[in-house]
Amino acid sequence: MAIRSATNLQTGALLVISAATLLVYGVATEVSALYRSWRGSRLIHEICCVMISWAYAASAVLGLGMLTQYNAQFTYQEKLAWLLATPLALTGARVLFRLLIRMLRKRGFNTQRFAICGINQIGLQLANNIEQTPELGMKLVGFYDDRPDNRTELATGQSMPHSGDLPQLADMARRGMVDIIYITFPMRAENRIRNYLEQLSDSTASVYIVPDFFVFQMLHARWNQINGLPVVSVFETPMSGIDGILKRGFDLVIALLLLLLLGVPMAILGLLIKISSPGPVFFRQKRYSLSGEEIRVWKFRSMYCCDDGPLVRQATAGDARITPIGRILRKTSLDELPQLFNVITGSMSLVGPRPHATAHNEQYRPLIHGYMLRHKVKPGITGLAQVNGWRGETETIEKMAGRIEFDHRYIREWSLWMDVKILFKTALVVLRQENAY
C-alpha cells in the first residue's frame, strides 16, 4: 500500500511538472518567436533559439518546483536527465524535420515561386543565394523591371534576363502564379517602390523589400523598434542580452581555471623578472576597452622601460629595450598572462580585438576607415586577427588595416563556438612563435 501511494504521488507530481513545463515553454517560445517560419534561416540560429527557450523554461520550472516542493519527488539523476534529454530531443526533432523538408523540396514538393523586381546587383545576389540553397524549395519566375534593358545592366556589364514589366508581374500575382516577390530597387527610388507596392497589393503574394543599405559594411546588423517605428542597426555590438551573459560567464569560468592552473608558474615568472632586471614585475598600460573607455591592461614587464605616454614605439626585431627574460616572455606570449586579471574584473575578454596602446589608437583612427568600430566589443587576450597571421608588429598602415579587417569580421560573425576555436588556434600560434618579438 505504501509503495502504491508513493508511486501515485510521484505520478501526480510528474503530471503537474509536465503541465507546468508545457505552459512555461509555450510562453518562452512565444517570446523568442521559435514557432515562426525558419525558411531561409541557418540551422544554427534555429537551434540557438531552441536552447534559449529551453533555458528560460527549465529555469522557471525548477524555480517553481523548489517553491512548491515538487522537486523533492524526483532524484538528482532524474532531474539532470530531464534537463539534458529534453533540449536534445527538441533539437533532434527540428534537425530531422529539416532533413525531411530538404529531401521533399529537392524532389519538387513544398516549393514556392518567387520573382525579383529590380535588375541590379542586389537582385542578382539574392537570386544566386537562393539558387545555392536548393533546400529552400524556391523556384525563380523571373526578373521584372519597367526600365529599358540599357538601364538595367550591372556595373560589370553583366545583364540578366528581363522577364517583363510591372503590369505583367502584377497580373501574374493576381492569378496566383507567383508566391513571393522581392523588390530590390535602391531606397532612393521611393516613388518607384511605392508604385510597385500599390499595384502588387491587389494580390495574395508575399512582398518583401530588400534594402540596398545592406551593401554597406555593417557590424552585427539587427532590426529593432522604437515605440513601433522599425529601425535597423548599422554598427552594433553582438554582446547584448543572453549572448553577453553567455560570453561573460565563459570568460569568468575559463579565466579562473587558468589562474588556478598557472598561478605557481606566474609567480615563478614574476620572480625571474624581478631578479633579472631593475623595475616592477608588472606593467600597466593605458588601452581602450568597450565603447572607447580607457582601461589599464596588465602585462609582465618585458622591457627596461615602460612607455605609456603620447608616443609609444612598437617593439621590433632585436629591440634593445627588451630584457633577456622579456624576450622569452614576448616570444611565447607569456607576458600577456596577467591580463587574466583584466578578464576577471570585466575590462577585457579572453577573445576579442587586441587592445592597442592609446597612442596607437589616436595615430591610426584618422588613417583607417572604421578603426574605432573594433571597440564595439571588449578587447581580448587573443583574437581572430592574431590566429590569422596578424600577430606582432604593425609597422605599416596596410598591416594595421589588415588586422582591423579581421577585428570587424570577428564582430560580424561572433559566436561562442568561434571563441572556443580561436582559443585552440592561439595555442598553436604560440607554439609556432611567429611574428612575436
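Here are a few things to note about the model shown:
- Considering I101, I122, I130, the condition of being part of a helix (DSSP H, G or I), in contact with a strand residue (DSSP E or B) (Cβ under 6 Å, 6 or more places away or on another chain) and modelled with pLDDT under 85 is satisfied by I130 alone.
- Residues in segment 184-198 that are buried (at least 16 other Cβ atoms within 10 Å of the Cβ), under 16 Å from P167 (Cβ atoms) and in contact with a Leu (Cβ under 8 Å, 6 or more places away or on another chain): Y196 alone.
- Of all residues in segment 29-54 being among the hydroxyl-bearing types (S, T, Y) and surrounded by fewer than 16 Cβ atoms within 10 Å (Cβ to Cβ), the one that is modelled with the lowest pLDDT: S37
- Among residues of segment 180-197 that are over 22 Å from I130 (Cβ atoms), those with a Cβ under 8 angstrom from a residue that is part of a loop (DSSP other than H, G, I, E, B), sequence gap 6+ or separate chain, pair up as R192/D146; R192/F185.
- Criterion (at pLDDT below 80 and within 34 Å of the chain's Cα centre (by Cα)) met by exactly one of R113, R151, R147, R107: R107
- Test: residue in segment 69-80 that is surrounded by fewer than 17 Cβ atoms within 10 Å (Cβ to Cβ) and among the β-branched types (V, I, T): yes
- A search for C-beta distances below 6 Å between a residue of segment 360-384 that is closer than 14 Å to G292 by Cα and touching a residue at least 12 places away in the same chain (Cβ under 8 Å) and any residue that is of a type in the set (A, V, I, L, M, F, W, C) and part of a loop (DSSP other than H, G, I, E, B), counting only pairs 6+ apart in sequence or on different chains, returns V377/M239; K378/M348; P379/M348.
The values are calculated or read from the model by the stated rules, or taken from the named source; none is laboratory data. The structure displayed is predicted, hence computed values, not measured ones. Backbone-built Cβ (ideal geometry, glycine too); neighbour counts: all protein chains shown.
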